[in-house]
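**Q** Here it is, the structure, as structure tokens.
Please treat every number below as a calculation from the coordinates, not as lab data. Bear in mind the structure is a predicted one, so any value in this text is a computation, not a measurement. Because the Cβ atoms are built from the backbone with ideal geometry, glycine has one as well, and the counts that use them run over all protein chains shown.
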Amino acid sequence: MADIKKQQELAKELSSKLWDMANDLRGNMEAYEFKNYILGLLFYKELSDRTEKFVAKILEEDNVDFQTAWKDDEYKEAIIDEMLIKLGYVLEPKYLFPHMLELIRKDEFSIDYFEEAINSIIASTQGQDSEQDFDGLFEDMDLKSSKLGKEVKQRGKLIGRVLQTIDSIEVDFSDTDVDVLGTAYVILIGLFAQTAGKKGGEFYTPTNMSKLVARLATVGLTKVLSVADCACGSGSLLLQVGEYVDVAKYYGQELTSSTYNLARMNMILHNIDYKNFSIINVDTLENDTIFGGEKYTIQVANPPYSTKWSADDKFMDDERFSPYGKLAPKTKADFAFVQHMVYHMAPGDSRIAVLLPHGVLFRGAAEETIRKYLIKDLNVIDAVIGLPANCFQGTSIPVCCLVLKKERNGNSGNICFIDASKEFVKEKTQNYITEDHIEKIVKAYSDRKDIEKYCHIATIDEIKKNDYNLNIPRYVDTSEEEPEIDLSAVTANIKDIDTEISKVSVELEKSFKELGLVFPF
């Protein structure tokens with residue numbers, strides 16, 4: 001627990017310093033645009049640091065440094081082989097972060113040299129098992145952009161200043177082995193998301209929402225073969241699952257290329273071995289051929305709410321959708337994501353925890369048909385949890401979390417409904433759920449007992465009587481009783497008021513007569 005607390009404190013300190021640096025150096029560029037440079041350069045430094053530590057360790061007994069060993073062909077070949085196997089990439093001594101700093105101090109650093117360095121990292125992975133995880137990883141860091149400066153030298157100066165500032169940030173990691181940089185990276189992504197408005201929601205799920213989803217998906221588990229997110233953003237949900245269970249392999253799909261790159265960087269920064277994750281840049285709904293028939297133990301997701309998709313008739317022959325007899329509407333792909341995830345559930349104790357807009361609980365037409373099939377025919381919906389409004393970047397709508405399970409065992413005849421929509425803390429313009437709120441939700445879900453105005457375990461018969469409508473107020477009554485009205489007291493009060501009006505009227509009539517006016521009442 002002490003390590004976790006230290007991790008959070010150091011991560012906040014580091015991310016705060018990096019954030020200040022970003023605002024100081026970005027000039028006229030929007031903060032969310034500058035994120036690609038800050039996060040990319042921070043990632044580059046981490047690759048360099050890892051390389052130095054790794055090579056120092058393998059050369060420890062030979063009493064030779066990296067630069068000297070690199071000049072010897074036999075040493076060089078052995079180092080390259082070891083780096084590709086263990087790290088998945090090669091970074092030459094001349095491209096290490098300290099060497100870049102030395103060039104900057106001598107005023108010999110250039111943007112072209114730095115571009116050469118990052119290109120060499122990517123080139124080293126080609127034809128290797130790690131190629132997919134590194135290919136195009138730095139492409140969003142556009143070093144030729146005029147926003148960095150009109151002249152090449154200006155761009156070099158700015159990137160040099162960022163590298164120097166990153167180096168100057170002093171945070172003492174020496175007495176802890178926790179993942180400070182990875183945590184700081186996630187905090188920094190969140191800060192960039194806040195400035196990006198609606199765009200921020202494309203790559204970031206608030207940390208405590210990620211924790212809630214991860215905990216709901218992993219109740220009672222300690223290790224899993226696979227975790228997948230079909231709209232993984234920057235990978236925060238996937239990584240949160242790894243905080244609660246041991247994960248053998250992570251899978252992610254992401255449509256936006258810049259966010260896809262963030263996810264891969266995030267995985268590597270969190271010490272996930274390149275062999276243990278597979279993140280792909282793809283339109284999950286329109287193209288499911290890359291992972292194809294892969295089945296997952298745990299699936300988590302916060303897909304874009306009510307986004308559009310083609311809903312092409314060809315998908316009626318797609319195994320993900322065909323059993324339902326209906327496709328999700330073109331203008332609301334929410335259930336299409338759910339159908340996709342259900343299809344990819346592994347046999348046995350596999351689970352899904354997915355964040356969705358409340359509309360999926362009660363909307364009619366095709367969505368009603370899909371909802372009914374999930375409940376009546378598949379019987380996979382295990383819980384419906386209502387969450388507070390205004391908790392996400394770019395939207396103020398209330399959101400729900402659906403928990404689905406392949407094997408429901410003793411709970412197959414009911415669904416757990418929780419109304420946690422009033423459980424939040426307001427901070428500035430946004431609402432947040434706390435650790436206590438998360439604990440209360442997870443406990444209610446695990447215990448599956450009725451709690452007045454909060455939780456109800458509804459039988460399938462109840463749900464059938466409601467025409468398979470899952471709107472939470474139908475099952476959890478949170479209304480407050482109106483206080484009883486004392487009619488005798490109200491009558492007495494009215495009489496007192498009438499008496500007072502009569503007295504005032506007599507006095508007013510006298511005043512009107514004295515003034516020679518006709519009293520109007």
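**Q** Taking loop as defined by DSSP and a crowding limit of 15 other beta carbons within 10 Å, which GluC sites (Glu not before Pro) in region 384-462 fit?
**A** Details: sites: Glu407, Glu423, Glu427, Glu435, Glu439, Glu452, Glu462; in loops: Glu407, Glu423, Glu452.
Listed in order of number, the matching sites are Glu407, Glu452.
**Q** Checking the table Lys223/Lys376; Lys332/Lys464; Lys94/Lys157 against a 27 Å threshold on Cα-Cα, which pairs fail?
**A** Values: Lys223/Lys376 30 Å; Lys332/Lys464 24 Å; Lys94/Lys157 19 Å.
Flagged as over cut-off: Lys223/Lys376.
**Q** Also, quick follow-up: Starting from the exponent 0.38 and prefactor 2.2 Å, build the expected Rg for region 440-521 from its residue count and divide its actual Cα Rg by it.
**A** On the way: Rg = 28.9 Å, N = 82, 2.2 N^0.38 = 11.7 Å.
So region 440-521 has a normalised radius of gyration of 2.46.
**Q** Also, I was wondering about something else. What FRET efficiency comes out for the pair Ile290/Asn63, r = Cβ-Cβ distance, R0 = 51 Å, nearest 0.05?
**A** Working: r = 47 Å, r/R0 = 0.92.
It comes out at approximately 0.60.
**Q** Now for a different question. Mind pulling up the Rg/Rh value for region 289-367? Radius of gyration and Kirkwood radius, both on Cα.
**A** Numbers: Rg = 12.6 Å, Rh = 13.2 Å.
Looking at region 289-367, the ratio lands at 0.95.
**Q** For the chain, what is the mean residue ellipticity at 222 nm derived from helices alone (per DSSP H run of n ≥ 4: -39500 (n - 2.57); sum divided by total residues; nearest 500 deg cm²/dmol)? Working shown, then result.
**A** Values: 17 runs with 231 residues, N = 521.
Value at 222 nm, helices only: -14000 deg cm²/dmol.
**Q** While we're looking at this one, here's another question. With axes computed from alpha carbons, what is the tilt in degrees of helix 180-195 against the longest principal axis of the chain, rounded to the nearest 10 within 0 to 90?
**A** The answer is roughly 50 degrees.
**Q** Evaluate 2.2 N^0.38 Å with N set to the residue count of region 48-98, then give the Cα radius of gyration divided by it.
**A** Values: Rg = 9.8 Å, N = 51, 2.2 N^0.38 = 9.8 Å.
Ratio of Rg to 2.2 N^0.38 Å for region 48-98: 1.00.
**Q** If R₀ is 51 angstrom, what is the calculated FRET efficiency for the pair Arg161 and Lys453, using the beta carbon separation as r and rounding to 0.05? Working shown, then result.
**A** Values: r = 56 Å, r/R0 = 1.10.
Given R0 = 51 Å and the Cβ-Cβ separation, E is 0.35.
**Q** State, to one decimal in nm², a quarter of the convex hull surface area for the C-alpha atoms of the chain, i.e. the direction-averaged projected area. Don't skip to the answer; put the middle values down first.
**A** On the way: hull surface 154.4 nm².
Value for the chain: 38.6 nm².
**Q** If you add up the charges near Asp447, with Lys and Arg at +1 and Asp and Glu at -1, over every other residue whose beta carbon is less than 13 angstrom from its beta carbon, what do you get?
**A** Working: positive: Lys440, Lys443, Arg448, Lys449; negative: Glu439, Asp450.
After counting each charged neighbour, the total is +2.
**Q** For the pairs Lys406/Lys453; Lys308/Lys426; Lys53/Lys144; Lys314/Lys372; Lys426/Lys453, note any where the Cα-Cα span goes beyond 27 Å.
**A** Numbers: Lys406/Lys453 29 Å; Lys308/Lys426 31 Å; Lys53/Lys144 31 Å; Lys314/Lys372 22 Å; Lys426/Lys453 21 Å.
Checking Cα-Cα distances, Lys406/Lys453; Lys308/Lys426; Lys53/Lys144 exceed 27 Å.
**Q** Tell me, what is the percent relative contact order of the chain, built from C-alpha pairs under 8 Å that lie six or more residues apart? Provide the component values of the computation, followed by the final result.
**A** Working: 780 pairs, mean separation 56.4, N = 521.
RCO, the chain: 11 percent.
**Q** Another question about this same structure. What is the sum of charges around Asn431, taking Lys and Arg as +1, Asp and Glu as -1, for the other residues whose C-beta is under 12 Å from the C-beta of Asn431?
**A** Numbers: positive: Lys422, Lys426, Lys428; negative: Glu423, Glu427.
Residues close to Asn431 contribute a combined charge of +1.
**Q** Also, I was wondering about something else. Give a quick list of GluC sites (Glu not before Pro) in region 483-521 that DSSP marks as loop, anything other than H, G, I, E or B, with at most 15 other Cβ atoms within 10 Å. Could you put the intermediate results ahead of the total?
**A** Working: sites: Glu484, Glu500, Glu507, Glu509, Glu514; in loops: Glu484.
Within region 483-521, the qualifying GluC sites (Glu not before Pro) (loop, at most 15 other Cβ atoms within 10 Å) are Glu484.
**Q** Taking only C-alpha pairs under 8 Å that are 6+ residues apart, what is the relative contact order of region 372-432 in percent?
**A** Numbers: 94 pairs, mean separation 23.7, N = 61.
Over region 372-432, the number comes to 39 percent.
**Q** What nm distance separates the two modelled labels at Lys428 and Ala56, each placed 7 Å from Cα along Cα→Cβ?
**A** Calculated label separation equals 3.8 nm.
**Q** May I ask for the distance between the Cα centers of region 403-466 and region 77-92, given as a whole number of Å?
**A** The distance from the Cα centre of region 403-466 to that of region 77-92 comes to 49 Å.
**Q** What percent do you get for the relative contact order of region 306-417 when only Cα pairs under 8 Å and 6+ apart count?
**A** Numbers: 172 pairs, mean separation 28.1, N = 112.
Computed over region 306-417, the figure is 25 percent.
**Q** Follow-up question, since we're still on this one. Convex hull over the alpha-carbon atoms of region 364-410: what's its volume per residue in Å³? Display every interim value, and only then the final one.
**A** On the way: hull volume 4.8 nm³, N = 47.
That works out to 102 Å³ per residue.
**Q** May I pose another question? Quick check: net charge around Tyr343, other residues with Cβ under 11 Å of its Cβ, Lys/Arg +1 and Asp/Glu -1? Write down the numbers at each step before the final one.
**A** On the way: positive: Lys295, Arg320; negative: Asp288, Glu294, Asp318, Glu319.
Local charge sum for Tyr343: -2.
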